[in-house]
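**Student:** Attaching a single structure in structure tokens format; questions to follow.
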Amino acid sequence: MIKKDYILILILIIIILSLGMAIISMSGENKTAINNTAPHDHEVIANSSDDPGTVEVIKNIGNPDGRKIAYVVGVHPLENLTHKTLLKILPTLTDLNNCYDIYIINVTEDIGHYGDGSSDNSQGRQNGQNLALKYVYPEIAEGGYDLAVDVHSNVGAYEYKTFVFSPVKEGLSVDYTHDVADNCQNISYYAPDSTTSGPYLTIPLNENGVPAFYYEEYSFAPQYEKDLHMLELIYAVDNEIF
Ligand SMILES: [Zn+2]
């Protein structure tokens with residue numbers, strides 16, 4: 001009798017879980033970045049068959065009279081769950097002080113895959129970095145921005161899982177990044193010894209007058225945590241500069 005009850009409960013749990021999964025995957029399919037960002041200006045800035053991907057930008061999110069801030073997603077294509085989190089949230093916010101453009105790099109060649117949670121050594125990383133330097137860097141360097149934030153995720157090999165850091169040792173980006181971390185409950189300041197992508201975007205931006213820092217999320221954090229952390233980042237950045 002008791003055993004039967006257990007089996008019944010187990011079957012019920014399995015049914016509920018699979019229904020939940022089906023609903024989650026269905027809503028995930030419908031929530032593309034483009035759908036959520038339809039009301040904003042949307043521009044393709046690179047779409048050549050010579051390149052291993054495309055680059056687009058969503059412009060003028062938030063307060064058009066505020067300071068200009070750029071977010072960049074897609075430099076490392078495997079980190080796309082965190083990129084999608086920014087794309088899902090930022091364009092829907094209506095109480096921002098500043099004006100945001102999101103640069104989206106869509107690597108289409110050699111994206112790679114995570115093997116058993118191991119690190120990402122795919123050619124797609126280099127493809128994204130090359131697209132960043134070729135197309136995103138000049139747009140941001142010449143675009144009158146007060147700040148750029150490059151959005152990444154990591155597989156947990158660092159001392160912290162969710163963190164911000166500047167790729168340079170001094171300058172405005174260092175101050176901004178420390179302030180952002182101070183104002184976020186779940187985001188630390190932690191600078192890894194080196195980055196592979198720095199020379200392709202954030203370092204030259206810092207060296208040419210646009211403070212730029214990294215946001216790193218844990219690749220395998222549950223989606224609700226990614227959402228929570230992203231909101232913390234967005235509002236800390238928004239309140240830092242205006
Ligand atoms: Zn990355």
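The values are calculated or read from the model by the stated rules, or taken from the named source; none is laboratory data. Note that this is a predicted model, so its numbers are computed, not measured. Every residue, glycine among them, receives a Cβ derived from its backbone with ideal geometry; neighbour counts consider all protein chains shown. Ligands, DNA and RNA are stripped out before the accessible areas are found, and what is left, the full protein with its side chains, is counted by its heavy atoms. Shrake-Rupley method; radii C 1.70, N 1.55, O 1.52, S 1.80 Å.
**Student:** Looking at (1) surrounded by fewer than 23 Cβ atoms within 10 Å (Cβ to Cβ); (2) touching an Asp or Glu at 6+ places or on another chain (Cβ under 8 Å), which one does Asn127 not meet, given that it meets all the others?
**Tutor:** (1)
**Student:** Scan segment 38-97 for residues that are over 14 Å from Tyr135 (Cα atoms), among the charged types (D, E, K, R) and either assigned to a loop (DSSP other than H, G, I, E, B) or not assigned by TED's automatic domain parsing to the domain that holds Gln223 (or both) and jot them down.
**Tutor:** Asp65, Arg67, Asp95
**Student:** Sticking with this one: Could you identify the single residue in Ile111, Ile104 that is part of a loop (DSSP other than H, G, I, E, B), surrounded by 18 or more Cβ atoms within 10 Å (Cβ to Cβ) and within 16 Å of the ligand (Cβ to nearest atom)? Spell out how you get there, then give the answer.
**Tutor:** On the way: Ile104 fails: part of a loop (DSSP other than H, G, I, E, B).
Answer to the selection: Ile111.
**Student:** In segment 152-163, which residue that is farther than 20 Å from Asp175 by Cβ and either of a type in the set (A, V, I, L, M, F, W, C) or touching a Pro at 6+ places or on another chain (Cβ under 7 Å) (or both) is nearest to the ligand (Cβ to nearest atom)?
**Tutor:** The selected residue is Val155.
**Student:** Next up: Here are some residues: Ser166, Ser173. Which one is over 21 Å from Leu78 (Cβ atoms), within 16 Å of the ligand (Cβ to nearest atom), open to solvent by less than 10 Å² (accessible area, probe 1.4 Å) and out of contact with any Asp or Glu (no Cβ under 8 Å at 6 or more places or on another chain)? If you could, list the steps in order and put the result at the bottom.
**Tutor:** Numbers: Ser173 fails: within 16 Å of the ligand (Cβ to nearest atom).
Criteria check complete, one pass: Ser166.
**Student:** Is it true that some residue in segment 69-77 is closer than 20 Å to Gly144 by Cβ and open to solvent by 40 Å² or more (accessible area, probe 1.4 Å)?
**Tutor:** Of the residues in segment 69-77, the ones closer than 20 Å to Gly144 by Cβ are 69-72.
Going one step further and asking which of them are open to solvent by 40 Å² or more (accessible area, probe 1.4 Å), we end up with none.
Within segment 69-77, none of the residues are closer than 20 Å to Gly144 by Cβ and open to solvent by 40 Å² or more (accessible area, probe 1.4 Å).
Yes/no per residue for (1) of a type in the set (S, T, N, Q); (2) open to solvent by 10 Å² or more (accessible area, probe 1.4 Å); (3) in a helix (DSSP H, G or I):
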position	(1), (2), (3)
Val149	no, no, no
Ala191	no, yes, no
Ser194	yes, yes, no
Glu217	no, no, no
Glu225	no, yes, yes
Asp238	no, no, yes
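**Student:** Give the residue that is farthest from Leu133 (Cα to Cα), with candidates limited to residues of segment 196-215 that are open to solvent by less than 20 Å² (accessible area, probe 1.4 Å) and hydroxyl-bearing (Ser, Thr, Tyr).
**Tutor:** It comes out as Tyr215.
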